[in-house]
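Every read-out reported here was derived from the displayed coordinates using simple, explicitly stated rules and does not represent laboratory data. Treat the numbers as computed from the prediction; the structure is a model and nothing was measured. Cβ atoms come from the backbone with ideal geometry, glycine included; neighbour counts cover every protein chain shown.
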Amino acid sequence: MAAAATIGTETTSAPAVLGRDVTITGEIRSHEPLIIEGEVDGSIDVAGHLLTIAPNGSVRANVKATEIDIRGSLEGTVHGAEKISIRNGAQFVGNIHAHRLVIEDGGTIRGKVDMSPTS
C-alpha cells in the first residue's frame, strides 16, 4: 500500500477567534494563530504562532507564543516570544522575556522586562 504524498499540502488557516462574549478560565493550547476578543484567566500556549489580544480583550495568564500583539490588556508572564508589540491604548502588567519589544506611543507597561538571549 502506497503512502499518501504530503509534499505541498500545507495550508495556511485563518486564526482561531475567541469572541467578545467568551470567557475562559483554564488552559488554552492552540496550534494555529489565535485572536482573543473576550476574557481569559489561566494559561495560553500558542507556541510557534501569533497571539493577538484585541482592543476589548482581557487576559490574565502565563503566555507562550512566538509573537504577541497586545491591543487590549494582558496581565501575567510572557516567556520565549520572538516579538511583543504593545499597541496604542494597550496595557501590559507583569514579566516579559522576549527577544524584541515594541511599545507604541500610548501603550503602557508595568513590570520586569528581560531581553537576554537565555534565561
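Starting from the Cα of residue 88, move 7 Å in the Cα-to-Cβ direction to define the label point; list residues of the stretch 28-69 whose amide nitrogen is under 19 Å from there. Residues passing the 19 Å test: 53-57, 69.
Couplings for the stretch 91-106, taken from phi via the Karplus curve 6.51 cos²θ - 1.76 cosθ + 1.60 with θ = phi - 60°, read 10, 10, 10, x, 10, 10, 10, 8, 7, 9, 9, 10, 10, 6, 3, x Hz in order; Gly and Pro are left as x. Applying the Karplus relation 6.51 cos²θ - 1.76 cosθ + 1.60 with θ = phi - 60° to the stretch 50-64 yields 3J(HN,Hα) values of 8, 10, 10, 9, 5, x, 9, x, 9, 10, 10, 6, 8, 10, 10 Hz, where x marks Gly and Pro. Rounded to the nearest Hz, the phi-derived 3J(HN,Hα) couplings of the stretch 74-88 under the Karplus curve 6.51 cos²θ - 1.76 cosθ + 1.60 (θ = phi - 60°) are 9, 10, x, 10, 10, 10, x, 6, 6, 8, 10, 10, 10, 7, 3, where x marks glycine and proline. Mind grabbing the base-10 log of I(q)/I(0) for the stretch 16-114 at q = 0.10, 0.14, 0.18, 0.23 Å⁻¹? Debye formula, identical points on the C-alpha positions, no solvent, two decimal places. Log10 of I(q)/I(0), two decimals: -0.20, -0.41, -0.70, -1.21.
Between residue 47 and 30, the built amide H atoms are under 5 Å apart, and every one of these is 5 or more places off in sequence or on another chain.
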